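Peer 1: Quick one: this structure, given as structure tokens, is what I'll be asking you about.
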Amino acid sequence: MNQLRSILILSLLLASLAVSCAGPEIDARLVFTPAQFAGARWEETLERARGTTVNYGMWAGDEARNRYFQTGVAETLKRKYDITLHITPLGDVVEIVNKLLNEKGAGKSTNGSVDMIWINGENFRTAKQAGVLWGPFADHLPNIRHFDEAARARDFGTPIENYEAPWQRAQFVLAYDTARVAEPPRSVEALRAFVKAHPGRFTYPAPPDFTGSVFIRHILFHFGGARAFQEGFDEELYRKASAASIEFLNDLEPFLWRQGETYPATLTELDRLFANGEVDFAMSYGPSFASERIARGEFPATTRTFVFDEGTIGNYSFLAVPFNASNVAGALVVINHLMSPEHALDQSRTLGGVFPLAPDHLTAEERRAAEALPRGPATLPADELAAHLLSEADARYLERLEKDWLEKILRR
Amino acid sequence: MNETRRTSLERSAKNIAAAVTIGLAIIPLALLLMWSFARHWYWPALLPREYSVRAWEYIASPPAGVITALTMSIFVALCVTALALAVALPAARALALHQFRGKRALLFMLLLPVLAPSLASAMGVHALFLRYGLTDSVLGVVLVHLIPTVPYSTLMLTGSFANFDPDWEAQARTLGASPVKVWRHVTLPAIAPGLAVAAAFAFLISWSQYLTTLFIGGGRIITLPLTLVAFQRSGDEAITAALSLVFLAPTLLVFVIVARFLRNVE
């Protein structure tokens, strides 16, 4: 009897399964070509997007950010545009890029499951080259006017050509504890002197960790000249600058934490070493990270951040639309909203980070609001960061340097 | 005298072994539990300095999407278990009780999906499923989970059928039992332990799928591993630990149920 009952339950489950898998249909109102979009009025796109659902593939490894997007941002989108935001949580956007490449190969050019993605750097380069992005579109979004040319030209050396729209900014900073270190080393050479004078007090996350990777790029920039790396890949330049960088890093290694026999695998580990007083410096792509950690009681209140005199690397991250998105109209409306002063101010208040819009592309009122944004005790002023901003290198330098680091430093 | 000493020695050895096994199973769980409540826990502190319910609060909140993901995971795993057994039962019976040409080749082919790296097979299956319009749906996810589950279930049931004598069924039939009765009173009791283990395996394999779910589900079908992996990669230990416990709970439950069932059968 029991067996019969379980068979019955299972067949019910299977029946409901068959019912639940009716596929979605293409909605011609929501899908159109970039040329049609360029020719249409923005109000028309807004109207088409009304009442739809947008699937957003978003890196979802941060609790505060998830909360903010699932509640705050989702509610705003519903209220202002009658759009339902559905977030696909991602560990890494590369998973979606691989999926798109596969779909392109199989000819699935409509009814894609993701309408917009948060992307930059190597992933953008791969996606754009493979033609799995919908566009060009960014120059036809009303809110693109709030970004300056630097945000619209290149992404890790790859010409953007309006295939993605900028929305967030990041810039590398280092953190130190004023109670332990009186004057931080403000150049690559000063860092070398400091590390040698204080053995075991410095380390960096092992590339390909994002932040470890940008740290070693600063060394590369120091030896090759920051400006030289932004346009295309120059083998000769790379060979010279990387040889000097590898020599520099190897020279440093015996004076690192644990004599450089091991490196922290993640940024979180470096944070922990710093919080614990085991090393003297932390680092991050988020200029407000130290202030946030002070507020959470993780870093000492005497923590401050600094940048190198010759500048630190910063980048934008972007939003793009997959070539087979099923709700292009909705995705464009959401992207445009995330680029608005209203959203940028709200996000800066909620999550911190750098205010991404160019001050001279804002109204006087918006500018005042941006200037009045609370800045944590350890965060550098926006103009100081801007004055020290270096653009990212071409993604190919990044890939080569990470590989060389593994071979010539880690496995030496 | 000697005899009793040996048995008491044996008994204490058994007890120690049991204690070690239980300890090995419980210590990681206890650590996860502590991590999930820890606010600041840095080396070399033996215990967290502060505790907080932040991680659990987040997981229980609707924005985290954990509850919907949990429901989806259970639904998919149950469907996969049912279908995997439906395929595996007749297949295992044939493999165990009949000799036929190419049997070894067939066994090898059965194992192929398990031998291939999951990324490679996920990409390949994705291309295939795209052609048949099976992507971005629950049905597709269930089907793709069957690929690694069917081989295990079949092999496990083949073991059960190897000790099964079909003459018992014939005897029952001669005595006038209907096919349903034969199945319930003869076949099922004989293979029940293997069936329970095979079901548990199918459930757990489906439960832990990540890449296949992401590819075939296209991010529309969100199961527990999808929410877990995002946090695990970002290094938020408290939430990762809490999610891991949520992820582990049903698997432990499955083990307990199967273990009790096996004891009853004995």
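Peer 1: Restricting the search to the stretch A:51-90, which residues are open to solvent by 30 Å² or more (accessible area, probe 1.4 Å) and not in a helix (DSSP H, G or I)?
Peer 2: A:51, A:53, A:59, A:62, A:82, A:84, A:86
Peer 1: Here's another thing I want to ask about it. Please work out which one of (1) touching a residue at least 12 places away in the same chain (Cβ under 8 Å); (2) under 20 Å from residue B:45 (Cβ atoms) is the condition residue A:246 fails and give its number.
Peer 2: (2)
Peer 1: Name, by its number, the condition in (1) of a type in the set (A, V, I, L, M, F, W, C); (2) within 12 Å of another protein chain (Cβ to nearest Cβ); (3) outside any helix (DSSP H, G or I) that does not hold for residue A:279.
Peer 2: (2)
Peer 1: In the set A:292, A:298, A:247, A:253, which member is part of a helix (DSSP H, G or I), in the same structural domain as residue A:190 (by TED's automatic domain parsing) and modelled with pLDDT under 90?
Peer 2: A:292
Peer 1: How many residues are over 22 Å from the mean Cα position of the chain (by Cα) and open to solvent by 60 Å² or more (accessible area, probe 1.4 Å) when one looks only at the stretch A:375-412?
Peer 2: First, pick out the residues of the stretch A:375-412 that are over 22 Å from the mean Cα position of the chain (by Cα): A:377, A:404-412.
The next check asks that each one be open to solvent by 60 Å² or more (accessible area, probe 1.4 Å); those that pass are A:377, A:407-408, A:410-412.
The total comes to 6.
Peer 1: Go over the candidates B:262, B:245, B:228, B:253 one by one and state the one that is surrounded by fewer than 24 Cβ atoms within 10 Å (Cβ to Cβ), free of Cβ contacts under 8 Å to residues at least 12 places away in the same chain and either part of a helix (DSSP H, G or I) or more than 8 Å from every other protein chain (Cβ to nearest Cβ) (or both). Spell out how you get there, then give the answer.
Peer 2: Numbers: B:262 fails: free of Cβ contacts under 8 Å to residues at least 12 places away in the same chain; B:245 fails: free of Cβ contacts under 8 Å to residues at least 12 places away in the same chain; B:228 fails: free of Cβ contacts under 8 Å to residues at least 12 places away in the same chain.
From the options B:262, B:245, B:228, B:253, the qualifying one is B:253.
Peer 1: Taking the condition of being more than 8 Å from chain B (Cβ to nearest Cβ), in a helix (DSSP H, G or I) and open to solvent by 20 Å² or more (accessible area, probe 1.4 Å), how many residues in the stretch A:257-274 meet it?
Peer 2: Pass one, the stretch A:257-274, residues more than 8 Å from chain B (Cβ to nearest Cβ): A:257-265, A:270-271, A:273-274.
Narrowing further to those that are in a helix (DSSP H, G or I): A:257-260, A:270-271, A:273-274.
With open to solvent by 20 Å² or more (accessible area, probe 1.4 Å) added as a condition, the list becomes A:257-259.
So the answer is 3.
Peer 1: Quick one: how many residues across the stretch B:231-241 are facing chain A (nearest Cβ under 8 Å) and outside any loop (DSSP other than H, G, I, E, B)?
Peer 2: To start, the set of residues in the stretch B:231-241 that are facing chain A (nearest Cβ under 8 Å) comprises B:231-237, B:239.
Of the ones still in play, those that are also outside any loop (DSSP other than H, G, I, E, B) are B:231-234, B:237, B:239.
Summing the residues that are facing chain A (nearest Cβ under 8 Å) and outside any loop (DSSP other than H, G, I, E, B) in the stretch B:231-241 gives 6.
Peer 1: For the stretch A:164-187, give me each residue that is of a type in the set (A, V, I, L, M), open to solvent by less than 10 Å² (accessible area, probe 1.4 Å) and within 16 Å of residue A:378 (Cβ to Cβ). Don't jump to the end; show me each part of the working.
Peer 2: Filtering the stretch A:164-187 for residues of a type in the set (A, V, I, L, M) gives A:165, A:170, A:173-175, A:179, A:181-182.
Pick out the ones that are also open to solvent by less than 10 Å² (accessible area, probe 1.4 Å) and you get A:165, A:173-175, A:181.
Of everything in the stretch A:164-187, those that are of a type in the set (A, V, I, L, M), open to solvent by less than 10 Å² (accessible area, probe 1.4 Å) and within 16 Å of residue A:378 (Cβ to Cβ) turn out to be A:173, A:174, A:175, A:181.
Peer 1: Here are some residues: A:127, A:175. Which one is in a strand (DSSP E or B) and in contact with a helix residue (DSSP H, G or I) (Cβ under 6 Å, 6 or more places away or on another chain)? Full working, then the answer.
Peer 2: Values: A:127 fails: in a strand (DSSP E or B).
Answer to the check: A:175.
Peer 1: What is the one condition in (1) open to solvent by 50 Å² or more (accessible area, probe 1.4 Å); (2) in contact (Cβ under 8 Å) with a residue 12 or more places away in the chain; (3) within 14 Å of chain A (Cβ to nearest Cβ); (4) closer than 29 Å to residue A:103 by Cα that residue B:133 does not satisfy?
Peer 2: (2)
Peer 1: Let me ask you something else. Identify, from the list B:205, B:191, B:221, the residue that is open to solvent by less than 20 Å² (accessible area, probe 1.4 Å), closer than 13 Å to residue B:76 by Cα and not polar (S, T, N, Q). Write out each step before concluding.
Peer 2: Working: B:205 fails: open to solvent by less than 20 Å² (accessible area, probe 1.4 Å); B:191 fails: closer than 13 Å to residue B:76 by Cα.
Step by step, each of B:205, B:191, B:221 is checked, and only B:221 is open to solvent by less than 20 Å² (accessible area, probe 1.4 Å), closer than 13 Å to residue B:76 by Cα and not polar (S, T, N, Q).
Peer 1: Scanning for something farther than 29 Å from residue A:41 by Cα and more than 8 Å from every other protein chain (Cβ to nearest Cβ), does the stretch A:72-84 turn up at least one residue? Reasoning before the result, please.
Peer 2: First pass over the stretch A:72-84, keeping only residues farther than 29 Å from residue A:41 by Cα: none.
Looking through the stretch A:72-84, none of the residues is farther than 29 Å from residue A:41 by Cα and more than 8 Å from every other protein chain (Cβ to nearest Cβ).
Peer 1: Okay, next question. Here's a check for you: in the stretch A:106-123, which residue that is within 7 Å of chain B (Cβ to nearest Cβ) and modelled with pLDDT under 90 is surrounded by the most Cβ atoms within 10 Å (Cβ to Cβ)? Write out each step before concluding.
Peer 2: Let us first name the residues in the stretch A:106-123 that are within 7 Å of chain B (Cβ to nearest Cβ), namely A:106, A:108, A:113-114.
Checking the rest, the ones that are also modelled with pLDDT under 90 come to A:106, A:108.
Numbers: A:106: 15, A:108: 23.
So, considering only residues that are within 7 Å of chain B (Cβ to nearest Cβ) and modelled with pLDDT under 90, the one surrounded by the most Cβ atoms within 10 Å (Cβ to Cβ) is A:108.
Peer 1: Quick check on my filter: what residues within the stretch B:48-68 are part of a helix (DSSP H, G or I), open to solvent by 20 Å² or more (accessible area, probe 1.4 Å) and touching a residue at least 24 places away in the same chain (Cβ under 8 Å)?
Peer 2: From the stretch B:48-68, those part of a helix (DSSP H, G or I) are B:54-60, B:62-64, B:66-68; that's our starting set.
Within this subset, residues satisfying the condition of being open to solvent by 20 Å² or more (accessible area, probe 1.4 Å) are B:54, B:56-57, B:60, B:62, B:67-68.
Residues satisfying the conditions are B:54, B:56, B:68.
Peer 1: Conditions first: (1) more than 14 Å from chain A (Cβ to nearest Cβ); (2) open to solvent by less than 20 Å² (accessible area, probe 1.4 Å); (3) over 14 Å from the mean Cα position of the chain (by Cα). Residue B:165 passes all but one, so which condition is the exception?
Peer 2: Every listed condition holds for residue B:165 apart from (2).
Peer 1: Which of the residues that make up the stretch A:263-273 are in contact with a helix residue (DSSP H, G or I) (Cβ under 9 Å, 6 or more places away or on another chain) and within 10 Å of residue A:203 (Cβ to Cβ)?
Peer 2: Of everything in the stretch A:263-273, those that are in contact with a helix residue (DSSP H, G or I) (Cβ under 9 Å, 6 or more places away or on another chain) and within 10 Å of residue A:203 (Cβ to Cβ) turn out to be A:263, A:264, A:270, A:273.
Peer 1: Can you go through A:139, A:148 and tell me which one is in a helix (DSSP H, G or I), away from every other protein chain (no Cβ under 14 Å) and over 24 Å from residue A:217 (Cα atoms)? Spell out the reasoning first.
Peer 2: Working: A:148 fails: in a helix (DSSP H, G or I).
On inspection, the qualifying residue turns out to be A:139.
Peer 1: Also, quick follow-up: Within the stretch B:105-117, is even one residue outside the structural domain of residue B:194 (by TED's automatic domain parsing), surrounded by 10 or more Cβ atoms within 10 Å (Cβ to Cβ) and not aliphatic (A, V, I, L, M)? Steps first, please.
Peer 2: Here is the first cut: in the stretch B:105-117, the residues outside the structural domain of residue B:194 (by TED's automatic domain parsing) are none.
For the stretch B:105-117, residues outside the structural domain of residue B:194 (by TED's automatic domain parsing), surrounded by 10 or more Cβ atoms within 10 Å (Cβ to Cβ) and not aliphatic (A, V, I, L, M): absent.
Here is a yes/no grid of residues against (1) modelled with pLDDT of 90 or more; (2) outside the structural domain of residue A:158 (by TED's automatic domain parsing); (3) over 15 Å from the mean Cα position of the chain (by Cα):
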{"site": "A:43", "(1), (2), (3)": "yes, no, yes"}
{"site": "A:49", "(1), (2), (3)": "yes, no, yes"}
{"site": "A:59", "(1), (2), (3)": "no, no, no"}
{"site": "A:63", "(1), (2), (3)": "no, no, yes"}
{"site": "A:76", "(1), (2), (3)": "yes, no, yes"}
{"site": "A:92", "(1), (2), (3)": "no, no, no"}
{"site": "A:104", "(1), (2), (3)": "yes, no, yes"}
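The values are calculated or read from the model by the stated rules, or taken from the named source; none is laboratory data. These numbers come from a predicted model, not from an experiment. Methodologically, a virtual Cβ is constructed for each residue, glycine included, from the backbone with ideal geometry; neighbour enumeration extends over all protein chains shown. Just the protein is used for accessible areas: all its heavy atoms, side chains included, with ligands, DNA and RNA removed. Shrake-Rupley method; radii C 1.70, N 1.55, O 1.52, S 1.80 Å.
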